[in-house]
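Derivation of every value follows stated rules applied to the coordinates shown; laboratory data play no part. Everything numeric in this text was worked out from a predicted model, so none of it was measured. Neighbour counts are summed over all protein chains in view; Cβ atoms, including those assigned to glycine, are modelled from backbone coordinates with ideal geometry.
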Amino acid sequence: MNKVASEISGDTIHLTTSELETLQGLFLIGAHSWTNFAQDKDAKELVNWIKVLTLCPEQYSGIEHGARSPVIALVRVLRQRSAYPETLTAWIKQHSTNRFLPYGSVADRLR
């Protein structure tokens, strides 16, 4: 994923078939697992992952996950650390048609 993040060209992500298959599998991982995974990652790495996971469903079919997007769990981790960049919400909204990004559904936020 770090390799893919480092190769984002503007607003476009270019994936090999293997990378796409890997990312499709990553979108199936639950929020709790993403939260645990993110605990030892630095903020810059998480922001890069958020960008990859935001762009992928927009550019590749078959990986739309709505309110179950891993972006939501990673955003929560950054917010809990007080490390959420001010400009990231605008970036996500500009690059995604997923109405649940970046914060999830109302029901999720009330938990």
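What does the net charge come to around residue 63 if you take all other residues with beta carbon closer than 13 Å to its beta carbon, with K and R at +1 and D and E at -1?
Net local charge, residue 63 excluded: -3.
Taking the beta-carbon count within 10 Å as an exposure proxy, list 14, 95 from fewest neighbours to most.
14, 95
Take the alpha-carbon positions of the range 2-109, form their convex hull, and give its projected area averaged over all directions (one quarter of the hull surface) in nm².
6.4
Along the charge dipole of the range 2-109, which of 87, 52, 5 sits closest to the positive end, that is, farthest toward it, with unit charges on the beta carbon of Lys, Arg, Asp and Glu (+1, +1, -1, -1)?
87
Please give the peptides 55-63, 26-34, 68-76 ranked by average Cβ packing (other Cβ atoms within 10 Å per residue), highest first, as a rough proxy for protection.
68-76, 55-63, 26-34
Nothing charged except the Cβ atoms of Lys and Arg (+1) and of Asp and Glu (-1): what's the magnitude of the dipole of the range 2-109 about its Cα centre? Round to the nearest 20 debye.
The dipole of the range 2-109 has a size of about 400 debye.
Suppose we keep just the alpha-carbon trace of the range 57-111; what are its Rg and Dmax in angstrom?
11.4, 33
Taking 7 Å along the Cα-to-C-beta vector as the label spot, tell me the residue 40-residue 79 distance in nanometres, rounded to one decimal.
2.6
Less than 14 Å Cβ to Cβ from residue 15, Lys/Arg counted +1 and Asp/Glu -1: what total charge do the surrounding residues give?
-2
Using a 10 Å cut-off around each Cβ, can you sort 93, 44 from fewest to most neighbouring Cβ atoms?
44, 93
For the chain, what is the calculated [θ] at 222 nm in deg cm²/dmol (nearest 500), taking -39500 (n - 2.57) for each run of four or more DSSP H residues and dividing by its residue count?
Theoretical 222 nm ellipticity from helices: -16000 deg cm²/dmol.
Tell me, what HN-Hα J-couplings in whole Hz come from the Karplus equation 6.51 cos²θ - 1.76 cosθ + 1.60 at θ = phi - 60° for each residue of the range 90-101, using x for Gly and Pro?
My calculation for the range 90-101 gives 4, 4, 4, 4, 5, 10, 9, 9, 6, 5, 8, 8 Hz in order.
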